[in-house]
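To start, the structure under review is shown below, and the notes come after it.
The values are calculated or read from the model by the stated rules, or taken from the named source; none is laboratory data. The model shown is predicted, which means the values in this text are computed figures rather than measured ones. Cβ placement follows ideal geometry from the backbone for every residue including glycine, while neighbour counts extend to all protein chains displayed.
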Amino acid sequence: MAKQLYDYWFVQFDFPDENGKPYKSSGSKMVWNEKFKRDIPDGWEVAPLNRELEIKSGYAFKSGSYSSEGMFKIITIKNVQDGYLNISTCECIETLPKDIKKWCILQKGDRLISLTGNCGRVCRVTSEDLLLNQRVGVFCCDGLFSEYFYQFLASDEGNHYCVNLANGAAQANLSPIDLCKMELVYPSKETLSLFNKTVKPIIQQYIANEQKIENFTKLRNDLLPLLMNGQVSVNYDLIFLCSPKFSLLWYVTKIIIR
């Protein structure tokens, strides 16, 4: 849904005007921009990403410090998928390195981009106690711009730019400095503020859903070996499964430990 809103507002330029009508479709003023080679809304401008965005790389962890069940999970390029963060296979460490930078201690809602291999993949951070490894970048910018930049780099235009910029080496590598030289349209701050207000509940719901999926996946992974080796058995009744009250929590309570 956030992607569709981005396309409607910032590709088709049909964001709400001062009267709540679609800007371009209702005949509002468009101005030719020589850099962009097309009309853009009056008052908007074209400038490089680095005017507002810096992409910072992660920490160079030493594999000798890894543990199988440490407190912190390390996010590498394999965890950054198209539009989502896969933390099912992560190396862990027990304590934070003393020299780790603040931005490498990830927060929910942070935006990440892969800088090696499948370059240009972007995703949001949806969990806690995650640390950023090198060759993964995190968006560092004012919150006003973070979702706009995220949607731009997730778009076909942004992704194609990343892929083309990274090509040419034996292994594709994306330079954050070169990437942030790319120019794009900067909307008015008022429009960005309204966009953020509109998509905020969508993003919050997405993060909440991802956390539920993560919890259910962990529960499944913990229970499956027990079921396979006969340590637990499943006792459920089909009538209840057809009930609207059925939930995974209830289902788990029906597992009888032998």
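Is it the case that N118 is over 24 Å from Q205 (Cα atoms), assigned by TED's automatic domain parsing to the domain that holds P176 and either exposed (fewer than 15 other Cβ atoms within 10 Å of the Cβ) or modelled with pLDDT under 95 (or both)? Spell out how you get there, then give the answer.
Numbers: over 24 Å from Q205 (Cα atoms): yes; assigned by TED's automatic domain parsing to the domain that holds P176: yes; either exposed (fewer than 15 other Cβ atoms within 10 Å of the Cβ) or modelled with pLDDT under 95 (or both): yes.
So N118 fits the description; yes.
Return only the number of the condition from (1) touching a Lys or Arg at 6+ places or on another chain (Cβ under 9 Å); (2) within 21 Å of L112 (Cβ to Cβ) that F15 does not satisfy.
With (1) touching a Lys or Arg at 6+ places or on another chain (Cβ under 9 Å); (2) within 21 Å of L112 (Cβ to Cβ) applied to F15, the lone miss is (2).
Is it the case that some residue within region 163-181 is out of contact with any strand residue (DSSP E or B) (no Cβ under 7 Å at 6 or more places or on another chain), under 21 Å from K37 (Cα atoms) and assigned to a loop (DSSP other than H, G, I, E, B)?
Within region 163-181 (the criterion being out of contact with any strand residue (DSSP E or B) (no Cβ under 7 Å at 6 or more places or on another chain), under 21 Å from K37 (Cα atoms) and assigned to a loop (DSSP other than H, G, I, E, B)), the answer is no, since none of the residues qualifies.
Restricting the search to region 100-123, which residues are without any contact (Cβ under 8 Å) to a residue 40 or more places away in the chain, over 11 Å from the mean Cα position of the chain (by Cα) and part of a loop (DSSP other than H, G, I, E, B)?
L106, Q107
Okay, residues lined up against (1) exposed (fewer than 15 other Cβ atoms within 10 Å of the Cβ); (2) in a loop (DSSP other than H, G, I, E, B); (3) not assigned by TED's automatic domain parsing to the domain that holds V138:
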| position | (1), (2), (3) |
| --- | --- |
| K24 | no, yes, yes |
| D39 | yes, no, yes |
| K73 | no, no, no |
| K78 | yes, no, no |
| D82 | yes, yes, no |
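Going through region 17-57 one residue at a time, which ones are closer than 30 Å to L131 by Cβ and of a type outside the set (S, T, N, Q)?
Matches in region 17-57: P48, L49, R51, E52, L53, E54, I55, K56.
If I filter region 6-16 for residues that are exposed (fewer than 12 other Cβ atoms within 10 Å of the Cβ) and either within 25 Å of C123 (Cα to Cα) or out of contact with any Ser or Thr (no Cβ under 6 Å at 6 or more places or on another chain) (or both), do I get at least one hit?
no
Tell me whether region 16-38 contains one or more residues that are closer than 22 Å to L179 by Cα and among the β-branched types (V, I, T).
no
Would it be correct to say that E69 is touching a residue at least 24 places away in the same chain (Cβ under 8 Å), in contact with a strand residue (DSSP E or B) (Cβ under 9 Å, 6 or more places away or on another chain) and on the phi < 0 side of the Ramachandran plot?
no
Looking only at region 187-200, decide whether some residue is assigned to a loop (DSSP other than H, G, I, E, B), modelled with pLDDT of 85 or more and surrounded by 12 or more Cβ atoms within 10 Å (Cβ to Cβ).
Looking through region 187-200, at least one residue is assigned to a loop (DSSP other than H, G, I, E, B), modelled with pLDDT of 85 or more and surrounded by 12 or more Cβ atoms within 10 Å (Cβ to Cβ).
Hey, Q151 hits all of (1) more than 19 Å from S57 (Cβ to Cβ); (2) without any contact (Cβ under 8 Å) to a residue 60 or more places away in the chain; (3) not hydroxyl-bearing (S, T, Y); (4) not in a strand (DSSP E or B) but one; which does it fall short on?
(2)
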